[in-house]
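Engineer: Sharing a structure with you now.
Each value in this text was obtained by applying a stated rule to the coordinates, not by laboratory testing. Bear in mind that the values here come from a model prediction, so they are computed numbers and not experimental data. Here Cβ is always computed from backbone atoms with ideal geometry, including for glycine, and neighbour counts include all displayed protein chains.
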Amino acid sequence: MKSIDHLVDLLDQSRLPMVSRQKFLKTAGQGLVAGAVGSALLGCDKKPENNSSVSATVNTTSGPVPKLPATSPPAKVPADSTKPIELEQIKAKTEQEESPTPSPLPQDQRIGYALVGLGHLTLNQILPAFGACKKSKVVALVSGSPEKMQKVAAQYGVRKESCYNYADYDKLRENKEVQAIYIVLPNGMHAEYTIRGAQAGKHILCEKPMANSAQECQSMIDACQKAGRKLMIAYRIQYEPHHRIVREMIQKEQFGKVKSIMANNGQNSDNPDHWRFKKALAGGGSLPDVGLYCLNTIRYLLGEEPTEVVGYVHSTPNDPRFKEVEEQVNWLMKFPSGVQTSCATSYGHHDDKNYKVLADTGWIKMDPAFPYTGLQLETSQAQGKENQVIQHKISDQDQFAAEMDHFSECILENKRPFTPGEEGLQDQKIMEAIYRSAREGRPVKLAEVDKKDAFRGPEPKKSA
Ligand code: NAD
């Protein structure tokens with residue numbers, strides 16, 4: 001068990017309100033140590049799981065942020081509009097604390113986004129997420145389908161003059177409401193639309209995978225640098241509270257040194273006519289689409305870069321889906337600290353999205369780990385003769401709102417994004433090494449990177 005001093009230290013860094021600290025330390029004193037800063041939040045509920053183990057549930061205080069359509073700006077913005085509004089207490093002190101009242105930026109101070117591509121991700125996730133944003137708003141759309149765009153524009157209050165097709169995309173330059181472009185197109189189109197967007201003077205948020213090749217990634221970085229615009233890759237997992245807590249647990253060695261990580265992200269994908277099964281538009285199959293989550297999340301959790309990979313690729317013969325792209329990739333990665341990881345991805349098996357971190361004195365499991373909501377975090381650690389399993393109850397946060405607000409904050413405060421283009425380029429280089437290893441039937445070495453978090457910008461604010 002960690003010492004109370006150590007826990008106080010963790011709590012100091014957590015910026016938890018004092019009453020939460022007192023509750024946590026009381027609980028810790030009774031032997032129920034969740035340990036992680038983020039999970040050191042109220043209401044440990046101890047219940048025996050079996051004869052030899054103890055399980056505990058750790059709750060956070062807030063519910064999910066409601067998704068509301070973007071609203072029109074207020075007529076007049078009061079000078080102190082970003083100060084949190086204080087509300088009277090309505091719950092007993094023994095109940096879970098509420099999160100602070102949100103203090104969103106007024107509409108006229110938010111970063112205006114143009115969304116490019118009105119497919120599944122934009123319509124089902126990104127547009128609804130603007131309702132949960134505090135610093136971002138949607139002001140323009142780009143689509144090849146005028147009818148669909150008209151409907152979406154009406155739903156989200158986008159002006160008719162701010163709707164563009166792919167041919168007049170460059171006219172975004174004249175639209176002063178647009179500061180950032182969010183590219184949500186097939187992977188093979190990311191490079192062209194990033195470069196054109198930067199040349200039109202806009203900051204670029206680009207969906208993952210960054211592009212189809214390391215060369216394309218580099219050209220995107222160069223174009224944004226030349227235009228003096230920011231480039232961020234939309235790695236939503238790196239802005240998500242469950243994963244951020246796991247990263248803290250690992251970095252603070254809560255369970256000692258990490259030895260190995262297993263990660264899976266697979267699903268049964270269909271429709272061989274979809275761009276995801278066309279090499280020119282997708283770049284590859286399951287690896288760049290869903291396998292990338294295993295790769296990018298492991299790099300994020302460890303903060304270090306692999307030095308060697310071994311890969312195997314397989315596709316079911318005569319399956320019409322896999323004429324151009326692969327079905328399944330399994331790969332191993334070796335890290336300088338000695339951590340070894342094993343990952344699997346597929347387009348051909350039932351949905352499975354999880355990881356497990358094995359360390360000296362405990363394990364951390366996230367299952368599921370990569371969906372938009374409903375992530376489940378569990379840890380295990382011996383406590384004397386008992387094995388303590390804790391289910392950490394952490395509220396979902398809209399991952400796209402968190403990611404977009406981080407990018408908006410970088411633009412507003414002139415900061416480097418946490419997941420800049422260099423982060424996407426590094427993933428692309430590693431994926432190319434995995435394919436090469438599979439092709440050549442041998443391990444492939446990667447350039448050694450000494451620095452931790454070498455390709456990331458400053459850590460995002462917790463409240464972003
Ligand atoms: P989708 O097929 O649903 O949407 C793609 C859009 O691009 C469609 O509106 C389509 O009309 C348009 N398009 C323009 N030119 C096209 C062309 N030549 N061929 C095909 N479509 C064309 O795809 P999606 O699932 O929304 O994925 C879009 C991007 O978002 C991809 O890069 C994908 O990897 C990424 N994505 C990220 C996440 C995440 O969780 N971050 C999830 C899903 C998708």
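Engineer: May I ask you to order 323-330, 101-108 by the average number of other C-beta atoms within 10 Å around their residues, highest value first?
Structural biologist: 323-330, 101-108
Engineer: Another question, if that's okay. Just to confirm my numbers, what's the Cα centroid distance between region 431-464 and region 310-378 in Å?
Structural biologist: 16 Å
Engineer: When you count, for each residue, the other Cβ atoms within 10 Å and take the mean per peptide, how do 221-229, 123-131, 143-151, 292-300 rank with the highest first? Could the numbers behind the result be given before it?
Structural biologist: Values: 221-229: 16.4, 123-131: 19.0, 143-151: 13.8, 292-300: 23.8.
Ranked by mean Cβ neighbours within 10 Å, highest first: 292-300, 123-131, 221-229, 143-151.
Engineer: Quick query: amide H of VAL339 versus all other amide H atoms, modeled in the peptide plane; which residues come in under 5 Å with a sequence gap of 5 or more or a different chain?
Structural biologist: none
Engineer: Still on this structure: What's the local net charge at ALA198, with K and R +1, D and E -1, over the other residues with C-beta under 13 Å away?
Structural biologist: Numbers: positive: ARG173, ARG196, LYS202, LYS226, ARG229, LYS230; negative: ASP170, GLU192, ASP222.
Result for the neighbourhood of ALA198: +3.
Engineer: Using θ = phi - 60° and the Karplus relation 6.51 cos²θ - 1.76 cosθ + 1.60, list the HN-Hα couplings for region 360-367 in order, rounded to whole Hz, with x at every Gly or Pro.
Structural biologist: 3, 10, x, 10, 10, 10, 10, 8
Engineer: Students often check this: by mean Cβ neighbours within 10 Å, which of 345-351, 85-91, 400-406, 425-431 ranks highest, and how do the rest follow?
Structural biologist: Details: 345-351: 19.1, 85-91: 8.0, 400-406: 26.1, 425-431: 21.7.
Sorting 345-351, 85-91, 400-406, 425-431 by mean packing, highest first, produces 400-406, 425-431, 345-351, 85-91.
Engineer: A further question follows. Please list the non-local residues whose amide H lies under 5 Å from the amide H of TYR235, H modeled 1.01 Å from N, same-chain partners needing a gap of 5 or more.
Structural biologist: none
Engineer: Something else now. Rounded to the nearest 20 Debye, what is the dipole magnitude of region 158-307 about its Cα centre when Lys and Arg each give +1 and Asp and Glu each give -1 at the C-beta?
Structural biologist: 300 debye
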